[in-house]
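Read through the structure below, which is laid out as C-alpha cells, and then see the notes.
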Amino acid sequence: MDNKFLHKSILLLIVILMFACNKENTNIVASVNQYPIYKSELRYWMLLQRAEVYNYYYKEFGIVDSDDFWEQKVEGVSPLEMLKRLALEKAVRCKIQQILALEKGLVDQIDFDEIISKMAVENIRRKEKVENNEVVYGQIEFTERTFFAHEFDKMILKLKPELLKSELKPSEKDLESLIKNKDFSLEDNYGFYQMQYVEENYEQYIDSLVAMAEIEMNTKNWNAVDADFNHNN
C-alpha cells in the first residue's frame, strides 16, 4: 500500500457519499444495489484488513500501536477511516458477487447475519459426526471468520460455471488463444479451457459490476462504527 492508495481510498469515499441517504435501521451502514451491508458485516472486513492498515501507517509514517492509534490523523485521514474504507470496498465487492449468485438462484440468502446464524448448527453437526467417527471435510469447528469464508467460497464454486452460460461465455477464438501446448488440444479439453477463460476473466467482470453498482451510505451509522473490535454494533 502506498500514498496513491490513500488518495484513491479518499476519492472512493467521496464518490460513495454522493449517494448518501438516511435510513431508519441503526445496523445498516450502506447498501449495494439496495441490498444492505450491516455493521457486523463491515466489522468482519475491518478485522481482516486491520493488520494491513497497521503496517501501512508504520511503514509510511513510523506510527506504532497506541491507545489513540486509530483516531490520530495523518494527511487528514485517521487509520480508522482508512480501515473502514478498505473494509467497505471488500464488503461491496463481496455483496456484488452475492447478489449475482442470488439472482441466478444459486443461494437463497445473502444477509450476513443470517449466514452467520447458521454457524452454530453447522458446528454442532460437525461435532456429532466426529463423535460418531464419521468423516468431516474441512474444519471441525468454524469461527465467524472461517464460516463466512467457507460459505462464500462454496458460492463462488457454483457461480463461476454458471457464468459460462452467458456473461463469461467464451468464443472459439477466445478459447484458442488460451492454447499454449499443441498436444493439449481444444477439442479434447474443451471444458478445461472454458473454465480457464472464466478464471482469467472473472475478477475483471466483477470489477465492471462494482463500477456500475449503486452504493448508498447511512452516514450516521457509518460514523458510529468505532475501533472497538470486540462488538458488532
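Here Glu162, Glu144, Glu151 are screened, and the one residue that is charged (D, E, K, R), in contact (Cβ under 8 Å) with a residue 40 or more places away in the chain and within 23 Å of Leu100 (Cβ to Cβ) is Glu162. Taking the stated definitions as given, is Glu151 modelled with pLDDT of 95 or more, surrounded by 11 or more Cβ atoms within 10 Å (Cβ to Cβ), in contact with a helix residue (DSSP H, G or I) (Cβ under 7 Å, 6 or more places away or on another chain) and in a loop (DSSP other than H, G, I, E, B)? For Glu151, the condition - modelled with pLDDT of 95 or more, surrounded by 11 or more Cβ atoms within 10 Å (Cβ to Cβ), in contact with a helix residue (DSSP H, G or I) (Cβ under 7 Å, 6 or more places away or on another chain) and in a loop (DSSP other than H, G, I, E, B) - is not met. Taking the criterion of being of a type in the set (Asp, Glu) and more than 23 Å from Glu162 (Cβ to Cβ), the residues of segment 176-201 that qualify are Glu176, Asp183, Glu187, Asp188.
I need a count of the residues in segment 110-123 that are exposed (fewer than 13 other Cβ atoms within 10 Å of the Cβ) and either of a type in the set (D, E, K, R) or in contact with a Leu (Cβ under 8 Å, 6 or more places away or on another chain) (or both). So the count comes out to 1. Going residue by residue through segment 94-112, is there one that turns out to be aromatic (Phe, Trp, Tyr) and farther than 30 Å from Leu157 by Cβ? No; the residues of segment 94-112 include none that is aromatic (Phe, Trp, Tyr) and farther than 30 Å from Leu157 by Cβ. Restricted to segment 189-204, and to residues there that are surrounded by 15 or more Cβ atoms within 10 Å (Cβ to Cβ) and among the hydroxyl-bearing types (Ser, Thr, Tyr), the residue that is farthest from Ile37 (Cα to Cα) is Tyr193. Scanning segment 99-144 for residues that are of a type in the set (D, E, K, R) and outside any loop (DSSP other than H, G, I, E, B) gives Glu103, Asp113, Glu114, Glu122, Arg125, Arg126, Lys127, Glu128, Lys129, Glu131, Glu144. Could we say that Phe184 is under 28 Å from Lys95 (Cα atoms), part of a loop (DSSP other than H, G, I, E, B) and modelled with pLDDT under 95 here? No. Filtering Val77, Val53 for residues that are crowded, with 21+ Cβ neighbours inside 10 Å and in contact with a helix residue (DSSP H, G or I) (Cβ under 7 Å, 6 or more places away or on another chain) leaves a single hit, Val53.
Kindly establish whether Leu168 is of a type outside the set (D, E, K, R), more than 14 Å from the chain's Cα centre (by Cα) and not in a helix (DSSP H, G or I). Judged against the criteria, Leu168 is a match. The C-beta contact set for segment 82-100 (first residue within 12 Å of Leu42 (Cα to Cα) and among the hydroxyl-bearing types (Ser, Thr, Tyr), second residue in a helix (DSSP H, G or I) and modelled with pLDDT under 95, distance under 8 angstrom, 6+ apart or interchain) is empty.
Only a single criterion out of (1) outside any helix (DSSP H, G or I); (2) loosely packed, with under 12 Cβ neighbours inside 10 Å is not satisfied by Lys173, namely (1). Of all residue pairs spaced 6 or more apart or on separate chains, none has beta-carbon atoms under 7 Å together with a first member in segment 211-228 that is part of a helix (DSSP H, G or I) and exposed (fewer than 12 other Cβ atoms within 10 Å of the Cβ) and a second member that is modelled with pLDDT under 95 and among the hydrophobic types (A, V, I, L, M, F, W, C).
The values are calculated or read from the model by the stated rules, or taken from the named source; none is laboratory data. This is a predicted model, so every value here is computed, not measured. For neighbour counting, all protein chains shown are included, and Cβ atoms are generated from backbone atoms with ideal geometry for every residue, glycine included.
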